[in-house]
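Any read-out appearing in this document is the output of simple, stated calculations on the displayed coordinates, not a laboratory observation. Being a predicted model, the structure only gives us computed values, none of them experimental. Here the Cβ is made from the backbone with ideal geometry for all residues, glycine too, and neighbour counts use every protein chain on show.
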Amino acid sequence: MLSPGRRKIVNVTLLVLLAAYAVVATRYCSGQEKELECKGVEIVIRDSAQLKFVTSETVLHWLADSAVRTVGMPLRKVDVYAVERLIERQNYVSQADAYTAIDGLLHIVLSQRRPMIRVVSESGHNFYVDSTLVLLPPQADCIAEVPVVSGRLPFGFPPDHFGRLDEKKFHRERELLHNLLNFVHQVDTDRFLTALTAQIYYDGKEVRLLPRVGQQTIRFGELTDSAAVAARLRKLSRFYRKSFGEGWWRSAAEIDLRFRGQVICKGMPVPDAKPE
């Protein structure tokens, strides 16, 4: 057993040796890095198992078409911040991190934006929307399985506009997209309604649903009041669950949910109801 004094001397000696090693290793690695050239790019796409909008080949294409120099450059001169800015400007990228390492590679790690709904307007707009209201262009080789909203959507921006919408210039459009996202999210929380709904149609003022069964449309109403939206969805779910097996509602031309406490089928006598 070492005495306390000797143990202290040994510990101090070890600390000094470790510090000296760290300094030497750092200088060695720094010297090696100055001599190294960037010999390649390694790309990691965090959510590639779920989303295929961005691939490693796509990222390499972005780099090749840009003014940012990477492969063949001295490793210490590769502008990793410019690489990050370049990649994060792309529509489907939410975040990108880039760094170089002693292995001589430029490492890029990125995450993709996740489409929540697809919007197809009668005026020619066709885009996905993510949870932050970023508009994403459709891709022929990758289709997201998300709810589709179609109809007469009053957009003031051109059909080829993608990316973020200016909050001041397109406040009305952002509010509509936010309400549609919220509506679709609430529908998705009810498995029965999710399975029932074939299409969501916006007629310029309110929403209509096209169910997978029956011949009618469901007149849902406006989406501005989130509490009313939630109440109508609960009412619709109860209505179909209770009457699904009876079949009398299948021949109705329209099911109207806009009235408090009532589900009104067109052509059938109903009591007076107070609009919400």
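The table that follows gives values for the structure above.
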{"item": "Listed residue pairs exceeding 24 Å between alpha carbons, taken from K52/K77; K205/K235; K52/K168", "result": "K52/K77; K52/K168"}
{"item": "Debye log10 I(q)/I(0) for region 115-265, one point scatterer per Cα, at q = 0.11, 0.14, 0.17, 0.20 Å⁻¹", "result": "-0.44, -0.69, -0.98, -1.27"}
{"item": "Two-site label geometry, F192 and C142: point separation in nm, points 7 Å out along Cα→Cβ", "result": "3.7"}
{"item": "Two-decimal ratio, region 40-112, of alpha-carbon radius of gyration to 2.2 N^0.38 Å", "result": "1.03"}
{"item": "Potential lengthening between R89 and K205 on full extension [0.36 nm per residue; Cα-Cα distance subtracted]", "result": "38.4 nm"}
{"item": "Segment A228-D47, extension gain: residue separation times 0.36 nm, minus the distance between their alpha carbons", "result": "61.6 nm"}
{"item": "At R0 = 30 Å, FRET efficiency that the Cβ-Cβ distance of A64 and R164 yields, to 0.05", "result": "0.70"}
